[in-house]
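Q: Right, I'll just put the structure down here and ask away after.
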Amino acid sequence: MGRRSYVDCWPTLVSARRPHHGTAEAERRTGEVHVRLESVGFRYARRRARVLDGVTLDLDPGTVTAVIGANGSGKSTLLKVAAGLVRPTSGTVRGRPDRIGYVPERLPADMRLSARSYLLHMGRIQGIGTATASRRSRELLDQLGVEGDLDAPISTLSKGNAQKVALAQAMLVGPQLLVLDEPWSGLDARTHRVLMDCLANRRAAGVIVLLTEHRPGAVAASADAVYRLHRGQLAEQLVDQTPPEPKTFAIDLGMAPAATVGLRQQVGTLSALPGVVAAREEGGRVRLKVVAERSDTVLAEALKQGYSVHKVCPTWTDSPLEGVADLPAEPEGGSR
């Protein structure tokens, strides 16, 4: 089998050098491992330029490390070196564990095995037995939401579903080192969240996670450390752990005609609805800033209370919604 088939078709073969002893025992034996890439260099034959040039990287247990960079910058090569799929031209990799889960950027387009057969085969290679591999495969395929005919060749699945199958094989046996090449590529929004949860769980279990991504913003919420690979060398990037602002809508409501309470109380009642992050009165109308995923519920409740909907916009540029503190004071007892 040529190098390309070895690397791309059998992504966890490197972790099968020693038989595993089932997922439960594998999880118990995860332990803490430390992996260090020291002055690693790599150059493909017949190329002058080094793809990797003196790369040193420490990977600690219970951490997620992301490597970003342009397409063709050598990110995939770095992962293959870390996973033991290719040998570095120079330098060393120390502390590489026995159990390694590896997901390539994409499975070969001509994969003839079905998803089910592929996972059972990879399970047998890793020594977990057909019954255990079958059970774990079902659990992982269901968790990841794989759709399509699982008994048809993987090559007939969509890119996203094929990526989910590759993720499942990497997690069949609890890996000590999980190496993921652009794992979010082709995944839908639901599976994005599932993968984020999987990474969080692996981190909590003390697993080393090393992944690549060409979009810097995609790794901010999941990575403990981010490095940029450029011209064969790594440079650490600052990680912004601030959660992104949720998407919001601005809703312009007409006042409820039958309201018997004061203006401030009306706005206060609406601001207490789940999903409303700000509310104020302007020009005889109530304006709400609402988290997008709650907007339908808020609109339904406002209509139920007798308000009319005048406008729904992504943002309001002419009057920012800062809260209710700037409402004029009203005498106790409501409107006069």
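The values are calculated or read from the model by the stated rules, or taken from the named source; none is laboratory data. In this text, all values refer to a predicted model and were calculated from it rather than measured experimentally. No Cβ is skipped: glycine too gets one built from the backbone with ideal geometry, and neighbour counts run over all protein chains shown.
Q: Please name all residue pairs, on different chains or six or more residues apart, with Cβ atoms under 9 Å, provided the first residue is in the range 184-208 and is at positive phi and the second residue is of a type in the set (Val, Ile, Thr) and modelled with pLDDT under 90.
A: GLY206/THR30; GLY206/VAL33
Q: Further question: Is at least one residue of the range 138-159 in a helix (DSSP H, G or I), over 24 Å from the mean Cα position of the chain (by Cα) and either basic (Lys, Arg) or crowded, with 19+ Cβ neighbours inside 10 Å (or both)?
A: Looking for residues that are in a helix (DSSP H, G or I), over 24 Å from the mean Cα position of the chain (by Cα) and either basic (Lys, Arg) or crowded, with 19+ Cβ neighbours inside 10 Å (or both), one finds none in the range 138-159, hence no.
Q: Tell me yes or no: at least one residue of the range 120-136 is closer than 15 Å to PRO104 by Cα and buried (at least 23 other Cβ atoms within 10 Å of the Cβ). Before the answer, list the steps.
A: Start the filter on the range 120-136 by keeping residues that are closer than 15 Å to PRO104 by Cα, which leaves 122.
Filter again for buried (at least 23 other Cβ atoms within 10 Å of the Cβ), leaving 122.
Within the range 120-136 (the criterion being closer than 15 Å to PRO104 by Cα and buried (at least 23 other Cβ atoms within 10 Å of the Cβ)), the answer is yes, since at least one residue qualifies.
Q: Something else about it: Answer yes or no: is there a residue in the range 171-183 that is part of a helix (DSSP H, G or I) and either at pLDDT below 90 or assigned by TED's automatic domain parsing to the domain that holds LEU120 (or both).
A: No - not one qualifying residue is present in the range 171-183.
Q: Condition check: at pLDDT 90 or above, closer than 25 Å to ARG231 by Cα and not in a loop (DSSP other than H, G, I, E, B). Does ALA131 satisfy that?
A: So ALA131 does not fit the description; no.
Q: Being at pLDDT 50 or above, over 15 Å from LEU211 (Cα atoms) and either β-branched (Val, Ile, Thr) or not in a loop (DSSP other than H, G, I, E, B) (or both) is the requirement here; does THR56 meet it?
A: Answer is yes for this residue.
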